[in-house]
Amino acid sequence: MAGAPVRSATSQSGKMKKDESFLGKLGGTLVRKKKSKEVSDLHEEGKNAINTPMLPSGTEIHPEDTMLEENAERNMLDPTSRENPKFKDLQRVLIDWINNELEEDRIIVKGLEEDCYDGQVLQKLFEKLSGRKLNVAEVTQSEIGQKQKLQTVLEAVNELLRPHGWSIEWSVDSIHAKNLVAIVYLLVALAMHYLAPIRLPEHVSVQVVVVKKREGILQTSHVTKELTSTTEYMIISCFSERDAFDTLLDHAPDKLNVVKKSLVTFVNKHLNKLNLEVTELESQFADGVYLVLLMGLLENYFVPLYNFFLTPENFEQKVHNVAFAFELMQDGGLKKPKARPEDVVNLNLKSTLRVLYNLFTNYKNSE
């Protein structure tokens, strides 16, 4: 009986040694794994430091932003621009406009990114503005279905806007990725094209961080995106050779003065060089004299006085002057005006606006 405790102690001692040996091995394994993870983390940190040179501080890079194909790029809104008061005000105006337009559909938009990315709101808005019904599924939950709907909606939008000079700054992928800048670009274009009864904040620009992958290395840069300019320019730039002036006169007479003001500013910028000034578009261009002189100024040449009547005395002489101005426009590479010389002489405002708008679009940057 006396030997039993000895055997028990020996057995216990052996067990303890075995346990210590096991724990030691386990501990060593844990230490090695920990060190391995630290080395891996350090390597990843160094890799990121190399791969993201000159990255603006405060810019949040998501994992998908670093997983780019070679020569691919991704755009991200700079955090400082997201907090820009004018940019926030622009979003608020657009949200209020959408909610007013879609009130009958009981659609309430709270945020542009979360509510516009799947195409549902954009579909309803486009259908309301255009009066067209798009052939798309009403409700789509899958990513594929959402992108198919977006594809149909954006094709219709682009088909509408591109012929009128709008720069397409959006795509199915950018909208579905909740790219706020792309969404705002699209909504501003629609609002201006359809003469929305809202006043957009002027001169709203944002900074966009562009991430590109070149030879396996991520490169970043800043790009300024102008979302709105002046109200006058935005309104007049949405017109084209369609009967937008008919729409303007019939449905938005309050904005007619804005357009006329912009055209008056444009023509006076050049006519002032001859100490001439226009205050009434419909009457002061009716005899064709200012049109002829304006073309000479825009194309930087002197028009011989024997080619037109400087002081026309009758209807025929005025028509001659306007027709001659139209010839000078075509000689300068412009399309033949759709207005008739007789319409301008007869003080037809729409005809005069169309002629001056044609000059504005071609020479707005001339000095």
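So that you can scan it fast, the table gives a plain yes or no per residue for (1) of a type in the set (D, E); (2) in contact with a Ser or Thr (Cβ under 6 Å, 6 or more places away or on another chain); (3) on the phi < 0 side of the Ramachandran plot:
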{"residue": "L102", "(1), (2), (3)": "no, no, yes"}
{"residue": "E113", "(1), (2), (3)": "yes, no, yes"}
{"residue": "G119", "(1), (2), (3)": "no, no, no"}
{"residue": "S130", "(1), (2), (3)": "no, no, yes"}
{"residue": "A137", "(1), (2), (3)": "no, no, yes"}
{"residue": "S142", "(1), (2), (3)": "no, no, yes"}
Out of the residues in segment 298-345 that are in a loop (DSSP other than H, G, I, E, B) and in contact with a His (Cβ under 8 Å, 6 or more places away or on another chain), state the one that is nearest to F360 (Cα to Cα). F308
Residues that are open to solvent by 50 Å² or more (accessible area, probe 1.4 Å), charged (D, E, K, R) and out of contact with any Asp or Glu (no Cβ under 6 Å at 6 or more places or on another chain), drawn from segment 315-367: E316, E327, D331, K335, K336, K338, R340, E342, K350, R354, K364, E367
Considering segment 186-220 alone, what residues qualify as being under 18 Å from D96 (Cβ atoms) and either in contact with an Asp or Glu (Cβ under 8 Å, 6 or more places away or on another chain) or of a type in the set (G, A, S) (or both)? L186, A189, A191, A196, I198, P201, V204
Which one of these does E70 not meet: (1) touching a residue at least 12 places away in the same chain (Cβ under 8 Å); (2) assigned to a helix (DSSP H, G or I); (3) open to solvent by 40 Å² or more (accessible area, probe 1.4 Å)? (2)
Does S240 count as at pLDDT 85 or above, of a type in the set (S, T, Y) and open to solvent by 10 Å² or more (accessible area, probe 1.4 Å)? no
Condition first: surrounded by fewer than 18 Cβ atoms within 10 Å (Cβ to Cβ) and either in contact with a His (Cβ under 8 Å, 6 or more places away or on another chain) or acidic (D, E) (or both). Now tell me which residues in segment 274-297 satisfy that. E277, E280, E282
Any idea which of (1) assigned to a helix (DSSP H, G or I); (2) open to solvent by less than 60 Å² (accessible area, probe 1.4 Å) is the one Q151 doesn't satisfy? (2)
Within segment 172-191, count every residue that is open to solvent by 50 Å² or more (accessible area, probe 1.4 Å) and in contact with a helix residue (DSSP H, G or I) (Cβ under 7 Å, 6 or more places away or on another chain). 1
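Out of Q141, Q146, which single residue is of a type outside the set (D, E), surrounded by 10 or more Cβ atoms within 10 Å (Cβ to Cβ) and either assigned to a loop (DSSP other than H, G, I, E, B) or modelled with pLDDT of 90 or more (or both)?
Details: Q141 fails: surrounded by 10 or more Cβ atoms within 10 Å (Cβ to Cβ).
Just one listed residue meets the conditions, Q146.
The values are calculated or read from the model by the stated rules, or taken from the named source; none is laboratory data. Being a predicted model, the structure only gives us computed values, none of them experimental. Don't worry about glycine lacking a Cβ; one is built from the backbone with ideal geometry, like all the others, and counts go over all protein chains shown. The area values use the complete protein model at the heavy-atom level, side chains included, leaving out ligands, DNA and RNA. Shrake-Rupley method; radii C 1.70, N 1.55, O 1.52, S 1.80 Å.
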